[in-house]
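Taking it in order: structure first as structure tokens, then the write-up.
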Amino acid sequence: MFSTLAPILLQATWETVYMVAVSLSIATAFGLPLGVLLATSGRGELFEALWFQRVFGPIVNATRSVPFIILAVAIIPFTRFVVGTSIGTSAAIVPLTVAAIPFIARIIEGAIREVDSGLIEAAQAMGARPVQVVTKVLLPEALPGIIHGLTLTAVTLIGYSAMVGAVGAGGLGDLGIRYGYQRFRPDVMAAVVITLIVVVQAVQSFGDYLARKADKRNI
Amino acid sequence: MIRLSNVQKTYAARRGSDEHIALRGINLDIAAGEIVGVIGRSGAGKSTLIRCINLLETPTSGTVTVDDTDVTRLSKRDLPLFRRQLGMVFQHFNLLSSRTVYDNIALPLELAGASKAEIAAAVDPLLPLVGLEDKRDRYPAELSGGQKQRVGIARALSSNPKVLLCDEVTSALDPETTRQILTLLKDINKRLGLTMVVITHEMAVVKALCDRVAVMDGGVIVEEGGVEGIFADPKHATTQSLLADEFMDFRAGSEGNNNTGAASAQTAGQEG
């Protein structure tokens, strides 16, 4: 029995890892600058731009208010436009990314706001330009918090990726629902659950390790 | 060297707070190589004053001239270049926790686009100057308060500034460490001929370090002059009460060890 289960389990695990890794990377590429700007565009801040907060704050909140499964279905036209189809692993990356961007943006914003404002002042007194304050001070100092946040995002995305399984995306969630649930295979269900636990545990431990390495505040 | 002419700073009224006038027409001249103290209580405006010199705060009116340049007119592009000529040291050190001692001291040079070799040439001699050769690759979390402030001082010196702005640099330190840091600053002033502006609320700091002192209260300079003259003959009530505080501080701090006022005064002088 194991010999027949192993290949499909491996395939499903790979699909999950692929969906999460790609959507996390793309979402970080968008969420990071968005988070930095949300954290620095307030009154009297580095890149003061109140319009930015007024426009993007509500958009971020709105995206985060929509339950993921609804979001995944609601943006199907957009998904089709981007990847040409709404079914499959690559198509699942679109809703995962769209859901992760505001999540990451808020996490980055929070991590940056944690940085002591005295450091910003010190950098400015040294003659740092605003962009340098971000690259040389805010991001390095916020790095442990950012790593923690991205780990949290990865774990959340693993959960979400199981949900997109329901709309034909493949991965561990899909395997659990189709084999474990619909075909009454408790062994498959158990294998899926155990694999998910192992994957989440591995991601969390790796994230914790990186964050600890980056954190020089308690040596 | 530095001239503040009729500098005013008003913080506009916001929800929950009324308009606040922090500086009400400050005139202050600071000559090259001089150590000038600015003393006052919390809220007297001294932190705002020092931040008007490097434009961390923009004066509402008046001019700030450094080396014959009216720095209040500098463009956003030129402001960082001007600030690189001034070093600033802070009460809470403001070191980057993610950088080693060496890399913290190197930061101002990095910001100015210096090469690795130029950075090494500037930072390496600073480590022995502030007595931190053996802490080169340590992180701030591994240092004591006094050591952190030495890093702060070395960092302020690394871009070879003409002026050092010191904002309550000893207020977070114990008396013995305070004494060491003040000795270091005095030594740096002598060796490098640096102009220094020292903000403090402790008369002992003024006494140990400064050539001249300006006493602030309510956003104005109420008394100004040579340190010895001010200590010998304080005219304004604020100055008198700040001097009286020195005795109060030590009575509270030494827990009954003081016998007479004269003994306390002597302690105050030594620790400053």
**Prompt:** Which ³J(HN,Hα) values in Hz, rounded to whole numbers, follow from the phi angles of segment B:31-46 under the Karplus curve 6.51 cos²θ - 1.76 cosθ + 1.60, where θ = phi - 60° and Gly and Pro get x?
**Reply:** 7, 4, x, 8, 10, 10, x, 10, 10, x, 7, 4, x, 6, x, 5
**Surrounding net charge for A:VAL188, when Lys and Arg each add one and Asp and Glu each subtract one, Cβ distance under 14 Å** = +1
**Prompt:** Just how far, in whole angstrom, is segment A:1-53 from segment B:1-60 if you go by their alpha carbon centroids?
**Reply:** 45 Å
**Item:** Average other protein chain Cβ within 10 Å of Cβ, residues B:156-168
**Value:** 1
**Message:** How much accessible area per residue does segment A:90-219 have, counting only protein heavy atoms and a probe of 1.4 Å, in square angstrom?
**Reply:** 44 Å²
**Prompt:** Roughly how much of A:PHE68 is accessible, in Å² to the nearest 10, using a 1.4 Å probe?
**Reply:** 10 Å²
**Request:** Report the local net charge at A:LEU38: Lys and Arg +1, Asp and Glu -1, summed over other residues whose C-beta lies under 15 Å from its C-beta.
**Result:** +1
**Complete:** Computed D for segment A:111-167, Stokes-Einstein, Kirkwood radius over alpha-carbon pairs, 25 °C, 0.890 mPa s, to the nearest µm² per second, is 186 µm²/s
**Request:** Take the cross-link list A:LYS136/B:LYS116; A:LYS136/A:LYS216; B:LYS46/B:LYS235; B:LYS76/B:LYS162 and give me the ones stretching past 18 Å between alpha-carbons.
**Result:** B:LYS46/B:LYS235; B:LYS76/B:LYS162
**Prompt:** Which peptide among B:28-39, B:175-186 comes first, and what is the full order, when sorted by highest mean count of other Cβ atoms within 10 Å?
**Reply:** B:28-39, B:175-186
**Fill in**
Here FRET efficiency (C-beta to C-beta, A:ALA190 to B:ALA120, R₀ 56 Å, nearest 0.05) is 0.40
**Request:** Per DSSP H run of n ≥ 4, the term is -39500 (n - 2.57); total these for chain B, divide by its residue number, and report the mean residue ellipticity at 222 nm rounded to 500 deg cm²/dmol.
**Result:** -12500 deg cm²/dmol
**Request:** Excluding B:GLY37 itself, calculate the net charge of residues whose Cβ lies under 13 Å from the Cβ of B:GLY37, where each Lys or Arg counts +1 and each Asp or Glu counts -1.
**Result:** -4
**Asked** How would you order A:140-150, B:5-15 from highest to lowest mean count of nearby Cβ atoms within 10 Å?
**Response** A:140-150, B:5-15
**Fill in**
So, relative contact order of chain B in percent, Cα under 8 Å, 6 or more apart, is 24 percent
**Item:** Rounded FRET efficiency, nearest 0.05, which uses the C-beta distance separating A:GLN11 from A:ILE69 and R0 of 35 Å
**Value:** 0.90
**Prompt:** From largest to smallest, what semi-axes in whole angstrom does segment A:170-212 give when each is the square root of 5 times an eigenvalue of its alpha carbon gyration tensor?
**Reply:** 28, 9, 4
**Sulfur and carbon atoms: percent of accessible area, the protein assembly as shown [1.4 Å]** = 57 percent
**Request:** Could you work out the mean count of beta carbons from other protein chains within 10 Å of each residue's beta carbon in B:97-104?
**Result:** 4
**Message:** Can you give me the long-range amide H partners of B:THR60? Hydrogens built in the peptide plane at 1.01 Å from N, cutoff under 5 Å, separation of 5 or more residues or another chain.
**Reply:** B:GLN8, B:LYS9, B:THR10
**Asked** For labels at B:ASP68 and B:TYR11 in the simple 7 Å Cα→Cβ model, what's the distance in nm?
**Response** 3.7 nm
**Message:** Let's test this: bin the Cα-Cα distances of chain B at 10 Å from zero up to the farthest pair and state each bin's percent.
**Reply:** 7, 28, 34, 23, 8, 1
**Threshold 40 Å², segment B:107-125 residues less accessible with all protein chains present than alone (1.4 Å probe)** = B:LEU111
**Item:** segment A:53-58 - phi-based ³J(HN,Hα) in whole Hz, Karplus 6.51/-1.76/1.60, Gly and Pro as x
**Value:** 5, 5, 7, 7, x, x
**Request:** Using DSSP, restrict attention to beta bridges with both residues in chain B and report what percent are antiparallel, rounded to the nearest 5.
**Result:** 55 percent
**Item:** Solvent-accessible area of B:LYS207 with every protein chain in place, 1.4 Å probe, in Å² to the nearest 10
**Value:** 110 Å²
**Item:** For residues of A:170-178, the mean tally of beta carbons on other chains within 10 Å
**Value:** 0
**Prompt:** Quick one: of the DSSP bridges fully inside the protein assembly as shown, what percent are antiparallel, nearest 5?
**Reply:** 55 percent
**Prompt:** At q = 0.10, 0.18, 0.20 Å⁻¹, what base-10 log of I(q)/I(0) does the Debye formula yield for segment A:54-159 when every alpha carbon is treated as an equal point scatterer in vacuo?
**Reply:** -0.40, -0.91, -1.01
**Where segment B:113-180 is the region considered: accessible area per residue in Å², 1.4 Å probe** = 42 Å²
**Asked** Among A:SER25, A:SER86, A:SER65, whose mean-square fluctuation peaks in a Gaussian network model of chain A (Cα, cutoff 10 Å)?
**Response** A:SER65
**Request:** With runs of 4+ DSSP H residues as the only contributors, calculate the mean residue ellipticity of chain A at 222 nm using -39,500 (n - 2.57) per run, divided by the residue total and rounded to the nearest 500.
**Result:** -25500 deg cm²/dmol
**Asked** Alpha carbon centre of segment B:121-135 versus segment B:160-215: separation in Å?
**Response** 20 Å
**Message:** Buried accessible area between A and B (1.4 Å probe, both chains summed, ligands and nucleic acids excluded), in Å² to the nearest 100?
**Reply:** 2200 Å²
**Prompt:** For the protein assembly as shown, what's the radius of gyration and Dmax over Cα atoms, in angstrom?
**Reply:** 29.4, 98
**Request:** Can you tell me the order of A:129-139, B:83-93 when each peptide is scored by its average per-residue count of other Cβ atoms within 10 angstrom, highest first?
**Result:** B:83-93, A:129-139
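The values are calculated or read from the model by the stated rules, or taken from the named source; none is laboratory data. Just so you know, these numbers come straight off a predicted model, no measurement behind them. Heads up, the Cβs are rebuilt from the backbone with ideal geometry, glycines too, and the neighbour counts pull from every protein chain shown. To get the accessible areas, we keep the full protein, side chains included, count just its heavy atoms, and leave off ligands, DNA and RNA. Shrake-Rupley method; radii C 1.70, N 1.55, O 1.52, S 1.80 Å.
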